Amino acid sequence: MYVMEWKQKKLRKMKRRRPTLDSHALSASEGDGTKRKGGVAAYTWGPPNWTVHVKDWGNLPHHVVLQIFQYLSLVDRARASSVCRHWNEVFHIPDLWRRFEFELNQPATSYLKSTHPDLIQQIIKKHAQHLQYVSFKVDSCTESAEAACDILSQLVNCTIKTLGLISTARPSFMNVSQSHFVSALTVVFVNSKSLSSIKIDDTPVDDPSLKVLVANNSDTLKLLKMSSCPHVSPAGILCVADQCHGLRELALNYHLLSDELLLALSTEKHVHLEHLRVDVVSENPGQTRFHTIKRSSWDALVRHSPKVSIVMYFFLYEEEFEPFFLDETPVTHVYFGQSVSKEMLGRIGLNCPRLVELVVCANGLEPLDEELIRIGERCKSLASIGLGECEVTCSGFVDFVKICGRRLTQLSIMEEVLIPDSQYNLDQIHTEVSKHLGRIWFPDMMPTW
């Protein structure tokens, strides 16, 4: 009798340990032997009792599927939309189409992926009115740029807020017929009426199209980047500054920069400018003559917008630098992409008190100790510096770091820049510099800027 009772108790324990279906949450279903209710299967595993719920993906809430779709590429998103009717409905939710990048590449000349033409047509037909943050990324082929213009010309019911035209290689938009490009761009300018950000570098945009932009979007435009746009004149960009009082960021070539433009950006009705980028590029190397901006015009801009960042990129030959930094200039970031003379770096130390960042890609074979020390002494806000094909003695470099101290948050110096001398060699300098920076520092093996 006791043996029978012991066997029955053991049998009951074994049954409790076997996987069982949660009878509270499930109802029977046919086919796979799994009990389901509301698309959920639950299994209880003995001890400890774990309940695993496997969702029916087709019944996920709209907002969950939408969140998942936002992490998928366009191709994967389109494939997922064919899983079920519910996912297809989410695929066409307007929120999913507010931000979109058209990738237009020619398969014969580019390894980059491209947005499928059929999908582009579907977007234009069903979602053009939903697009708000749009960019076009094209390769070096003219056909890709022309395809981008064709799409732009069809966005007649759009409410675009940001527009970017990006050439991943050569500026292919410059090879498109100017009339074709301007006509397509004008369609967006006229129909959007709420553009806040436009990036159209290296394009054939012209003065008349900028007037159309101003006429329809002057109250909303905050950012305009249009470097290397040869068909725009100083008068064209001045029109933008005169009418778009909310403009906070502006990028342009130096030939468009004028005293009148700086004064227009400094009027009381204009908001405080936050960022001004100027590309100084020689159109005809060795033959271009650059004008000089008056100090009074720079001063007016800084009085009106005291926190403005003024960034200048130089790609000039040494003899073309003559008009620059002869007087105090409120530039904050200076990048020399080609060789620059000791004299020009000396001017930086004398006349750029607001300098925050300096990058010198190349210089001659004369040490820059004096120029570097002067920059450290007079540019009290300097926090970042990069030196490439230059020469600085180890002791001169240590003196510079002592002056700047821990405000140097970025110090990128190529190892071959440093010349060992009687005070320091290359094995000693990293310890001495690290001590003054308050962190471990080593010279770079390759440029990091």
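The values are calculated or read from the model by the stated rules, or taken from the named source; none is laboratory data. In this text the structure is predicted, and so the values were computed from the model without any measurement. All Cβ positions, even for glycine, are placed from backbone atoms using ideal geometry, and neighbour counts span all protein chains on display. Ligands, DNA and RNA are excluded from the accessible area calculation, which covers all protein heavy atoms including side chains. Shrake-Rupley method; radii C 1.70, N 1.55, O 1.52, S 1.80 Å.
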Counting every C-alpha pair in the stretch 278-331, the percent lying more than 18 Å apart is 37
Check: C-alpha center the stretch 142-219 vs C-alpha center the stretch 396-419, spacing in Å is 44
Computed D for the stretch 155-218, Stokes-Einstein, Kirkwood radius over alpha-carbon pairs, 25 °C, 0.890 mPa s, to the nearest µm² per second, is 204
With +1 on the Cβ of every Lys and Arg and -1 on the Cβ of every Asp and Glu, the dipole magnitude of the stretch 300-376 about its Cα centre, in debye rounded to the nearest 20, is 520
Amide H neighbours of residue 199 at under 5 Å, excluding residues fewer than 5 places away on the same chain, with H built from the backbone geometry, are 163, 164, 165, 225
For residue 125, the aspartates and glutamates lying under 15 Å Cα to Cα, once residues fewer than eight places off in the same chain are dropped, come out as 150
Links exceeding 30 Å between C-alpha atoms in this model, out of 342/435; 193/269; 161/294; 199/294, come to 161/294
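Taking all protein chains as present, what is the carbon and sulfur share of the accessible area of the stretch 322-449, in % to the nearest whole number, probe 1.4 Å? Kindly include the intermediate steps, with their values, before the conclusion.
Values: 2980 of 5750 Å².
The nonpolar share, carbon plus sulfur, comes to 52 percent.
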Trypsin sites (Lys or Arg not before Pro) in the stretch 257-320 lying in a DSSP loop, each with at most 15 other Cβ atoms within 10 Å of its Cβ, come to 269, 289, 294, 307
Summed over the other residues with a beta carbon less than 10 angstrom from that of residue 239, with K and R at +1 and D and E at -1, the charge totals -1
Computed about the Cα centre, the charge dipole of the stretch 314-430 from +1 Lys/Arg and -1 Asp/Glu charges at the Cβ has a magnitude in debye, to the nearest 20, of 740
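Determine the order of 63, 333, 116 by accessible area, beginning with the largest, at a probe radius of 1.4 Å.
Values: 63 130, 333 35, 116 105 Å².
Highest to lowest solvent-accessible surface, that is 63, 116, 333.
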Calc'd 3J(HN,Hα), the stretch 269-282, phi into Karplus 6.51 cos²θ - 1.76 cosθ + 1.60 (θ = phi - 60°), Hz, glycine/Pro = x, comes to 6, 8, 5, 5, 5, 9, 8, 10, 10, 10, 9, 9, 10, 7
Rg (one decimal) and Dmax (whole number) from the Cα set of the stretch 191-343, in Å, equal 15.4, 52
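Given just the C-alpha atoms of the stretch 116-195, how large is their convex hull per residue in cubic angstrom?
Details: hull volume 6.3 nm³, N = 80.
In the stretch 116-195, the Cα hull volume divided by residue count equals 79 Å³.
Hey, how much of the P(r) for the stretch 373-449 falls beyond 19 Å, as a percent of Cα pairs? If you can, show how the numbers build up before the last one.
Working: 804 of 2926 pairs.
In whole percent, the long-distance tail amounts to 27.
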Probe 1.4 Å, all chains present, heavy atoms only: residue 354 accessible area in Å², nearest 10, is 50
With no solvent term and unit scatterers on the alpha-carbon positions of the stretch 222-294, Debye gives log₁₀ I(q)/I(0) at q = 0.11, 0.14, 0.28 Å⁻¹ of -0.27, -0.42, -1.49
Rounded to the angstrom and largest first, Cα extents along the principal axes for the stretch 322-407 equal 32, 28, 18
Filtered hits (aspartates and glutamates, Cα-Cα < 14 Å from residue 211, offset >= 8 within chain) -> 219, 242
Going residue by residue through the stretch 377-394, the Karplus relation 6.51 cos²θ - 1.76 cosθ + 1.60 with θ = phi - 60° gives ³J(HN,Hα) values, rounded to whole Hz and with x marking Gly or Pro, of 6, 9, 9, 5, 9, 4, 10, 8, 8, x, 10, x, 7, 10, 9, 9, 5, 4
Taking a probe of 1.4 Å and leaving out DNA, RNA and ligands, the stretch 211-352 shows per residue an accessible area in Å² of 43
With all protein chains in place and a 1.4 Å probe, residue 424 shows an accessible area in Å² (nearest 10) of 40
Output ordering of 75-85, 166-176 (per-residue mean of other Cβ within 10 Å, highest first) is 166-176, 75-85
